[in-house]
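Enquirer: Before I ask anything, let me first share the structure, which is written out below as structure tokens.
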Amino acid sequence: MMTEPVSLASKRVIVHLGLPKTGSTAFQECAGASRGIIEGAGATLFQKDVTRGYKMRAKTIARHGPSPWRKAKLNKAARQLRARPTTQGRDSILITDENLLGWGSRNIFPLSFDRGPKQPIKALQKAFERYDPRWVVYTRDPKTHLRSAYRYGVKLRSVSEDFDTRARRVGSAETLSQLIFDTREFLGANGVFLDMKTEKQSKDLLEAPILRLVGIADKVIATMPPAPVTNVGIPDDLLEYVHRINAIGFDKERPLRAVDVLLTMHSDLTDGGSPAAYGRVE
């Protein structure tokens, strides 16, 4: 049996959990582009290429509920996740994946804490217990969050329902509020909850609080590019047109291409942002 060096017990582990639709994609793109700077500061960066296996186990629990067999598989995946960074010999580990706990933009509104993130958090706590990890969660006003998720569905999931109809089917802002409250209570002092709107109004980079927790100095953070503007929602004046495209009933590929053309045309004909700001329509 392989024994980890005692010095690794002091390793700093930061786990960025999202929430989905709080700037996670932009942060991950920024972190990926600045990987050399992050690793040069003594940290190891683990993104979705590493977390994929664990995330799939967590999603299964969120979809079907916990069971002894599913929890055993989840615990094994957590140990495998831990085994990767502990071989790196660096001072800090940053794990970032907004879907790591099995939640996503389509299921956070009906999801309860017990059925959703509870078991994935417990499995990671057990696997990383000697490192006493910190957990970072960005939040936003739940009602605004629900509307943002709706627009994401209109853009990428061929949703043609109006907002009120969709909201009645997918869950509520109140359920999301309870999910955040329960997650915060469970994580206790090791949970770091940041308001997305407040952080965006700060003069700092949106991702600066996470990087500071990792142990990266402000002078190093200052050399990093800001997070790109990405995954922008459908503009108000286009929403009805995208509804109509989605209602035609094409297979999934065609409405996405049509929406992509519409967004590009809108960007070219207005003073709006770059087409790239809408993210990849796929």
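The values are calculated or read from the model by the stated rules, or taken from the named source; none is laboratory data. Since the structure is predicted, the reported quantities are computational estimates derived from the model, not experimental observations. Ideal geometry is used to build each Cβ from the backbone, glycine not excepted, and the neighbour counts take in all protein chains shown.
Enquirer: Within the range 121-139, can you find the residues that are under 17 Å from Asn99 (Cα atoms) and surrounded by 19 or more Cβ atoms within 10 Å (Cβ to Cβ)?
Expert: Ile121, Ala123, Leu124, Trp135, Val136, Val137, Tyr138, Thr139
Enquirer: Could we say that Leu179 is surrounded by 15 or more Cβ atoms within 10 Å (Cβ to Cβ), of a type outside the set (D, E, K, R) and either in contact with a Pro (Cβ under 7 Å, 6 or more places away or on another chain) or modelled with pLDDT under 95 (or both) here? Don't jump to the end; show me each part of the working.
Expert: Numbers: surrounded by 15 or more Cβ atoms within 10 Å (Cβ to Cβ): yes; of a type outside the set (D, E, K, R): yes; either in contact with a Pro (Cβ under 7 Å, 6 or more places away or on another chain) or modelled with pLDDT under 95 (or both): no.
It is false that Leu179 is surrounded by 15 or more Cβ atoms within 10 Å (Cβ to Cβ), of a type outside the set (D, E, K, R) and either in contact with a Pro (Cβ under 7 Å, 6 or more places away or on another chain) or modelled with pLDDT under 95 (or both).
Enquirer: Next up: Considering each of Leu17, Leu100 in turn, give the residue that is buried (at least 22 other Cβ atoms within 10 Å of the Cβ), touching a Lys or Arg at 6+ places or on another chain (Cβ under 7 Å), modelled with pLDDT of 95 or more and not polar (S, T, N, Q). Explain how you work it out, then say what you get.
Expert: Numbers: Leu17 fails: touching a Lys or Arg at 6+ places or on another chain (Cβ under 7 Å).
Residue meeting the stated conditions: Leu100.
Enquirer: Can you name the residue in the range 185-207 that is small (Gly, Ala, Ser) and modelled with pLDDT of 95 or more and is also surrounded by the most Cβ atoms within 10 Å (Cβ to Cβ) among such residues?
Expert: The selected residue is Gly191.
Enquirer: State the number of residues belonging to the range 132-156 that are without any contact (Cβ under 8 Å) to a residue 60 or more places away in the chain, of a type in the set (Ser, Thr, Tyr) and more than 30 Å from Glu253 (Cβ to Cβ).
Expert: Let us first name the residues in the range 132-156 that are without any contact (Cβ under 8 Å) to a residue 60 or more places away in the chain, namely 141-144, 146-147, 150, 153.
Filter again for of a type in the set (Ser, Thr, Tyr), leaving 144, 150.
Filter once more, so that each one left must be more than 30 Å from Glu253 (Cβ to Cβ): 144.
Selection size over the range 132-156: 1.
Enquirer: I'd like to verify a number: residues in the range 221-257 that are buried (at least 17 other Cβ atoms within 10 Å of the Cβ) and either in contact with a Cys (Cβ under 8 Å, 6 or more places away or on another chain) or more than 24 Å from Thr270 (Cβ to Cβ) (or both), how many?
Expert: Qualifying residue count, the range 221-257: 3.
Enquirer: Another question about this same structure. What's the number of the only condition in (1) touching a Ser or Thr at 6+ places or on another chain (Cβ under 6 Å); (2) buried (at least 18 other Cβ atoms within 10 Å of the Cβ) that Val159 fails to meet?
Expert: So the condition that Val159 fails would be (1).
Enquirer: Let me ask another. Residue check, Gln47 against (1) modelled with pLDDT under 90; (2) more than 25 Å from Tyr150 (Cα to Cα); (3) in contact with a Gly (Cβ under 7 Å, 6 or more places away or on another chain); (4) not acidic (Asp, Glu), all met but one. Which one?
Expert: Checking Gln47 against (1) modelled with pLDDT under 90; (2) more than 25 Å from Tyr150 (Cα to Cα); (3) in contact with a Gly (Cβ under 7 Å, 6 or more places away or on another chain); (4) not acidic (Asp, Glu), the one that fails is (1).
Enquirer: Conditions: (1) at pLDDT 85 or above; (2) loosely packed, with under 13 Cβ neighbours inside 10 Å; (3) within 24 Å of Thr139 (Cα to Cα). Ala217 meets all but one. Number of the miss?
Expert: (3)
Enquirer: Given the conditions (1) in a helix (DSSP H, G or I); (2) farther than 21 Å from Gly116 by Cβ, which single one is not true for Leu45?
Expert: Unmet for Leu45, out of (1) in a helix (DSSP H, G or I); (2) farther than 21 Å from Gly116 by Cβ: (1).
Enquirer: Would you check if Glu240 is without any contact (Cβ under 8 Å) to a residue 24 or more places away in the chain, closer than 20 Å to Ile14 by Cα and in a helix (DSSP H, G or I)?
Expert: Details: without any contact (Cβ under 8 Å) to a residue 24 or more places away in the chain: yes; closer than 20 Å to Ile14 by Cα: no; in a helix (DSSP H, G or I): yes.
The answer is no for Glu240.
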